[in-house]
Amino acid sequence: MLKIRFFLICIFLCVILSTNRIFGSDYYSNALRIFSEGNFFVASIEFERAIFHEIDNNKIAKCKYYKSLCYKELGDKHRALEELSEINIFNLPDSLFFIIRYEQAVCNFLNDDPTQALWNLEEIKYRFSDSVKTVNILPLNILCLNSARNWDEAVNAWNYLLNHTGLEDSEKNYFKAKINNLYNKRKMPILYSDKKAENLSRFIPGAGQMYCGAVFEGAFNLIMNASLLGYSFFEFYSKYYFTGYFVGLGIFNKTYQGGMHRAKLLADEKNMEGINKFNVETSSLLIRILDSQPLGKSLQKDSFKYQIINSISFK
């Protein structure tokens with residue numbers, strides 16, 4: 001009898017707590033509160049709970065947007081982008097459309113996909129033509145153009161930005177000189193051709209790595225491949241065909257093919273390293289320009305600092 005009473009009491013308490021939880025709280029507001037406290041993992045779960053209970057498309061879009069921010073803060077850039085890609089953008093208000101597309105551009109930029117990021121920014125330009133919002137995306141647009149190696153378009157974006165900052169002519173001329181110096185061919189990042197690196201290692205093992213600046217790695221690869229090839233010839237000469245073929249040539253084939261693949265990857269890594277370093281310098285100059293603009297201008301300096309300068313450290 002005691003067991004039955006205890007069982008009924010548990011059911012009674014569970015019903016009270018569960019109904020209070022469902023009808024007495026706002027999941028979205030609760031998730032926002034947890035997000036503001038910096039507990040991003042728990043916040044992502046609460047936003048998912050809010051999505052489950054919501055039927056309004058705008059509220060669902062906001063939940064997914066904040067959920068993507070949680071994942072980005074947790075360092076999961078790919079999952080953040082996936083969350084944004086699932087948002088139904090049709091019939092969204094302009095303000096919500098802007099922040100979602102802009103955040104998608106940021107995530108694509110962080111995921112080393114500047115082409116897709118530029119596409120997201122173009123969607124914003126198309127929807128907000130002749131708008132201050134178009135000016136506000138220019139800093140990110142410049143960084144994406146740099147990553148895509150569209151240098152001329154990047155300089156044009158710089159000039160457009162300067163013309164909308166409200167700076168005095170003397171200040172504009174000063175920053176134009178800085179921009180021209182930044183995009184001087186002698187100071188531009190050195191870019192390596194991954195195809196050339198691969199082909200060099202195809203004809204001379206290790207040459208592709210040397211071309212990318214990894215001299216010692218290339219020399220080691222050359223010596224290793226030459227040693228394996230020499231070992232194979234020696235084994236064949238000594239009539240040890242089995243070891244000559246399977247040991248010597250077998251390992252040589254792996255190191256030879258691996259050397260070509262490594263040279264291609266090294267070229268891409270060097271290019272990415274150079275572009276990222278160049279973008280850090282670009283960001284520093286952008287901050288100086290945004291800091292110099294007169295009070296009351298529409299450029300969102302603080303938003304840019306948060307979205308880009310802090311995010312660049314993720315790359």
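Rule-based calculations on the coordinates, nothing more; no lab input. Just so you know, these numbers come straight off a predicted model, no measurement behind them. Cβ placement follows ideal geometry from the backbone for every residue including glycine, while neighbour counts extend to all protein chains displayed.
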**Q.** 20 Å tail of the calculated P(r), the stretch 194-289, as % of Cα pairs
**A.** 50
(Q) Student exercise: in the stretch 194-289, how many lysine pairs 8 or more apart or on different chains have Cα atoms under 28 Å apart? (A) 12
(Q) Can you give the local net charge around residue 62? Use residues other than it whose beta-carbon is closer than 10 angstrom to its beta-carbon, Lys and Arg +1, Asp and Glu -1. (A) +1
Q. Relative contact order of the stretch 194-289: what whole-number percent is it, with Cα pairs under 8 angstrom and at least 6 residues apart?
A. 33
Q. Hey, can you rank 165-175, 133-143 by average C-beta count inside 10 Å, highest first?
A. 133-143, 165-175
Q) Of the peptides 223-233, 260-270, 38-48, 59-69, how do they stack up when ordered by the mean number of other Cβ atoms within 10 Å, highest first? A) 59-69, 260-270, 38-48, 223-233
Q: Would you please put 198-207, 250-259, 103-112, 237-246 in order of how densely packed they are, using the mean number of other Cβ atoms within 10 angstrom per residue and starting with the highest?
A: 103-112, 198-207, 250-259, 237-246
